[in-house]
Amino acid sequence: MERNSPKISVIVPVYNVEPYLERCFGSIAAQTYPNMEVILVDDASTDGSGKICDGWVARDKRFQCVHLLSNRGVSAARNQGVSRAAGAFAVFIDADDYVEPCLLEALYRNWRETGADICVCGNEGMGLEESPAAVYSRTEAVQCLAQRTSFLWTVWGKIYPMELVKETPFIEEELCCEDLLFFYQLLKRVERISCIPCWLYHYTYRTGSLINSGVNEKRCTVLSVLDNICTEAPSWLSPEAVSCFRLLALETGVRLAMQAVEGGTDGPLWEYLKLFQNHSRRHFSWRALSFCRKRKTIAAVLTLRTHAALFWAAGTVYCWVKRLRSGAE
């Protein structure tokens, strides 16, 4: 690719992920794209992450690092990176993940060739269905989110024109769904999203991460965010897209409910299940459910909507059978 290609700013929030940093930073340094800057934002790590960041800055002039004085969260760290970025495009990478050497080159080339507003690559580790390369309209993109095909609402694995990112800062409140809010706001400013099906981004399923640490109050903030989205979306989105957001709300409630039964909660399980049941009833519609392609998910939504106790019983049996099968193997 030409040396005069526009600069891409790679923004990496870092917080207490020392064991993963060499792999992550090494994969970024190996990029075949010729013009990039890498902005590491150390969010007041208490392990050796900060020193590793400084080491990379010392040996690779493309890297720079800002150390925050107090832990402010991933959204604030990303906003800090954006504020310092000098590139024409932004790419976000989480510090415990890693990427293929052609990530930036493939995303930029696809953006240039398709004329899409945002370009997305496939990712390994999130259970997405494989799909062919395509350019999606806004409504089709929301359908992809709801059906977990092609891409998710995650901020990483995508390339964005920098002006879009600067116009849409991350919400710095204590939320578990800052990526969803960011992507939802971007949808108001874009019309087409292109997808490369190749697995160029590798997500790390980390036991200690928030999303894999059971159900708690912070994780449930995604429900109120989805409430607000489903309330506002009809004012500017097509009926099909609104139904897909409702399906996303239903599917998210079911996932949290199952994780609560299987992995525990930070409070009474019954209260959480009632919360998820009310959420399911609030957003239920047969039109939304018609977009769901998985019978297991449909059954779970209908069970949760009917009664939390019924879902609890069914979920407990499912976990029991799952453990028996795992033991047999």
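The values are calculated or read from the model by the stated rules, or taken from the named source; none is laboratory data. None of the values given here were measured: they were computed from a predicted structure. A quick note on method: Cβ atoms are made from the backbone with ideal geometry, for glycine too, and the neighbour counts reach across all protein chains shown. Only protein heavy atoms, including side chains, enter the accessible area calculation; ligands, DNA and RNA are left aside. Shrake-Rupley method; radii C 1.70, N 1.55, O 1.52, S 1.80 Å.
So here's what we get for this one:
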{"read-out": "Options THR154, THR139; residue that is part of a loop (DSSP other than H, G, I, E, B), in contact with a helix residue (DSSP H, G or I) (Cβ under 7 Å, 6 or more places away or on another chain) and not hydrophobic (A, V, I, L, M, F, W, C)", "value": "THR154"}
{"read-out": "Test: residue in segment 107-117 that is of a type in the set (A, V, I, L, M) and either open to solvent by 30 Å² or more (accessible area, probe 1.4 Å) or touching a Leu at 6+ places or on another chain (Cβ under 7 Å) (or both)", "value": "no"}
{"read-out": "Residues within segment 1-24 that are within 23 Å of the chain's Cα centre (by Cα) and either open to solvent by 30 Å² or more (accessible area, probe 1.4 Å) or farther than 16 Å from CYS102 by Cα (or both), tallied", "value": "13"}
{"read-out": "Qualifying positions in segment 1-54 - assigned to a loop (DSSP other than H, G, I, E, B), more than 16 Å from LEU68 (Cβ to Cβ) and among the polar types (S, T, N, Q)", "value": "ASN4, SER5, GLN31, THR32, ASN35"}
{"read-out": "Residue within segment 128-139 that is over 23 Å from ARG78 (Cβ atoms), surrounded by 18 or more Cβ atoms within 10 Å (Cβ to Cβ) and touching a strand residue (DSSP E or B) at 6+ places or on another chain (Cβ under 7 Å) present", "value": "yes"}
{"read-out": "Qualifying residues in segment 32-53 (those that are of a type in the set (Val, Ile, Thr) and in contact with a helix residue (DSSP H, G or I) (Cβ under 6 Å, 6 or more places away or on another chain)) - the one nearest to GLY73 (Cα to Cα)", "value": "VAL41"}
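Listed here are the residues, each with its yes/no results for (1) at pLDDT 95 or above; (2) under 20 Å from the mean Cα position of the chain (by Cα).
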residue: GLY26; (1), (2): yes, no
residue: ASP60; (1), (2): yes, no
residue: VAL82; (1), (2): yes, yes
residue: LEU104; (1), (2): yes, yes
residue: GLU129; (1), (2): no, yes
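Residues checked against (1) open to solvent by less than 10 Å² (accessible area, probe 1.4 Å); (2) part of a helix (DSSP H, G or I); (3) at pLDDT 95 or above; (4) under 22 Å from TRP320 (Cα atoms):
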site: ARG246; (1), (2), (3), (4): no, yes, yes, no
site: LEU250; (1), (2), (3), (4): yes, yes, yes, no
site: GLY253; (1), (2), (3), (4): yes, yes, yes, yes
site: ALA257; (1), (2), (3), (4): yes, yes, yes, yes
site: TYR272; (1), (2), (3), (4): no, yes, yes, yes
site: ARG282; (1), (2), (3), (4): no, yes, yes, no
site: CYS292; (1), (2), (3), (4): no, no, no, no
